[in-house]
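Take a look at the structure below.
No lab work stands behind these numbers, since they all come straight from the coordinates. Fair warning: this is a prediction, and the values are worked out from it, not measured in the lab. Cβ coordinates were reconstructed from backbone atoms using ideal geometry, including for glycine residues, and neighbour counts include every protein chain displayed.
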Amino acid sequence: MFKRNKHGIQLKTPEQLEKMRAAGLVVGRTLDLLRRSVRPGMTPLDLDAIAEKAIRDEGAVPSFKGYQGFPATICASVNHEVVHGIPTDRRPLQDGDIISIDCGAILDGWHGDSAITVPVGEVEPALTELMRVTEEAMWRGIAALTVGRHLSDIGYEVERYVRSQGRYGIPQEYGGHGIGTEMHMDPWVANHGRPGRGPRFETGMCFAVEPMVNLGTDRTKVLADDWTVVTQDGKVSAHFEHSVAVTDNGPWVLTALDGGRARLGELLEGPGVAGEGAG
């Protein structure tokens, strides 16, 4: 039913990519709502409730809730929390925080997965810059998803951009992944490494590209809840993610409301290279 290449990577038909786009738009619209909802005084649990309602109202199912025992619809990671933070009401968000929100949804059997980092009120310039660097690194990695390039080119482009911007930590043990009929599929997608290695990209492949960048060390640890990953030095971390399809027209960002056209148009040359769909 599902075609795979010689490396076992799932290849989607144009019709299947349209279904993934539908799931991706549920996630994209939910994150857009959450971005607009974040404010001092609310809790991560408040955001979780907003996310679950938004996803279910569109006829989709939260893909994180119950996944390997995870108890919530979103991952909500505040300040020094890198990824996989469990939303609670123990600490309201405060002016000057940043919060990374990771969200996934299943629609008609297909998955969308995306993450944003959002400032809470007014934040320090160093945090604004950290978020900018992380998001831009994600787009540089996404731009590598063109037919004929290699899997390791994603991590190479992510790392190259981050290193060019200053002394930041890139956690080595966390990265992106294949996505499709499952949320996490092979292959793993590193946020570092040398170019030109691994499988070549083919039309119909889909990957979640998700750099995590720390203001300090790249070293992390997992808290006693067995989920929340934090920086070892207590410094702040940011996280951005999109689900992306490889098409003959270039990368199609399935979880971006515009398909990635605005940002990829700045990074890739030529007409029709971004956000054109699977055709």
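Placing unit charges on the Cβ atoms only, positive for Lys and Arg and negative for Asp and Glu, gives the chain a dipole magnitude near 560 debye about its Cα centre.
In straight Cα distance, which aspartates and glutamates are under 19 Å from K53, not counting same-chain residues fewer than 8 positions off? Straight-line reach from K53, under 19 Å: D32, D89, D102, D108, D113. Taking the number of Cβ atoms within 10 Å of each Cβ as an exposure proxy, the fewest-first ranking of M138, M183, M42 is M42, M183, M138. Near F207, once Lys and Arg are set to +1 and Asp and Glu to -1 for all other residues with Cβ below 11 Å from its Cβ, the sum equals -4. At q = 0.10, 0.12, 0.22 Å⁻¹, what is the log10 ratio I(q)/I(0) for the range 153-262, with the Debye formula run over Cα points and no solvent? Per q value, in the given order, log10 I(q)/I(0) is -0.32, -0.47, -1.28. The trypsin sites (Lys or Arg not before Pro) of the range 2-64 that DSSP puts in a loop, and whose beta carbon has at most 14 other beta carbons within 10 Å, are K6.
Summing charges over neighbours of R140, with a neighbour being any other residue whose Cβ is under 12 Å away from its Cβ, gives -3 when K and R count +1 and D and E count -1. Between helix 125-142 and the chain there is an angle of about 20 degrees, using the helix long axis and the longest principal axis of the Cα atoms. Full extension of the chain between E129 and R163 yields a length gain of 10.9 nm, computed as 0.36 nm times the residue separation minus the alpha carbon distance. Under the shape rule built on the C-alpha gyration tensor, where the axes satisfy a ≥ b ≥ c, the range 34-159 is oblate, since a/c reaches at least 1.5 while a/b does not exceed b/c. Exposure proxy shown here: for L257, L93, L267, the number of other Cβ atoms within 10 Å sets the order, fewest to most, as L257, L267, L93. For K6, a cut-off of 18 angstrom between C-alpha atoms picks up these aspartates and glutamates, skipping any fewer than 8 places away in its own chain: D186, E202. Compute the long axis of helix 44-57 from its Cα atoms, compare it with the longest principal axis of the Cα atoms of the chain, and write down the angle in degrees, 0 to 90, nearest 10. Here the helix axis deviates by roughly 40 degrees.
Spatially, the range 203-241 and the range 71-123 are offset by 12 Å when compared through their Cα centroids. Karplus-derived 3J(HN,Hα) values for the range 15-28, using 6.51 cos²θ - 1.76 cosθ + 1.60 with θ = phi - 60°, are 5, 5, 5, 5, 5, 5, 4, 4, 5, x, 5, 4, 5, x Hz; glycine and proline are entered as x. Candidates S152, M138, Y174 compared by Cα position along the dipole of the range 121-177: farthest toward the positive end lies S152, with charges placed on Cβ. For the range 91-183, the list of trypsin sites (Lys or Arg not before Pro) that fall in a loop by DSSP and count at most 16 other C-beta atoms within 10 angstrom reads R167. Angle, helix 152-164 long axis vs. longest principal axis of the chain, Cα atoms, 0 to 90°, nearest 10? Once rounded, the angle reads 40 degrees.
Net charge in the neighbourhood of A76 (other residues with Cβ under 12 Å of its Cβ; Lys, Arg +1, Asp, Glu -1) is -4.
Projecting the Cα atoms of A60, G259, V27 onto the charge dipole of the chain, computed from C-beta unit charges around the Cα centre, puts G259 farthest toward the positive end.
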